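The structure appears below as structure tokens.
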Amino acid sequence: MDVASSIVQEGKVSNLFDNSLERAGEKHYITGVSAINFPTSKNTGGWHFLNYFDLDRGIFRVSLSGIHYPDTNKYFGHFGVVDISNKLDALKIPHLNKVVFMATHHRAAADMLVKWAISGKEYCTVEADEWFPAKSDRDALANTLTLAKEKLEQDGLWVRLQSWMTSQLESGLGKTPVDGSAFH
């Protein structure tokens, strides 16, 4: 299966989210903005968490690798994919007594970047300065992408990702599209 078709199921692009954890697991781990907004440590997550995991209001939305996002294990292996079952228990989020995996924030951003690179869209929604204000976190994101450089080059994605990294991670501008023009 080619890279672009990995996000297409039966000829149709899948929905953006699942409303349960039924399909979540090691192969189809939670990623994208659902993972970015999940509190994995004291300084992560935030109020956006409630846009994805507000059980009191009946909101439960997760994006899954290989379903809503391309399967990026080809590039990153299982790097940055962790078991969050205990965290779900602590937050009283039902998960059917199954082991649930989620991308770390760096891996989720890398997954989003690969999806953007495949899409061919001009603008990328990943804002390094906003999501990773500490230089050490931006460096960790760059290192995550660099781990997969050879495979990303083989699929013709590295040039786009390298351009994004230059505009977002090295210049510190944070709001510059990869073509260098300003957002309107």
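What the table shows:
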quantity	calculated
Segments 102-108, 80-86 sorted - mean Cβ within 10 Å per residue, highest first	102-108, 80-86
Within region 120-165, GluC sites (Glu not before Pro) in DSSP loop having at most 15 other beta-carbon neighbours inside 10 Å	Glu122, Glu127
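Quick note: the coordinates plus some simple rules give every number you see, no bench work behind them. Since the structure is predicted, the reported quantities are computational estimates derived from the model, not experimental observations. A quick note on method: Cβ atoms are made from the backbone with ideal geometry, for glycine too, and the neighbour counts reach across all protein chains shown.
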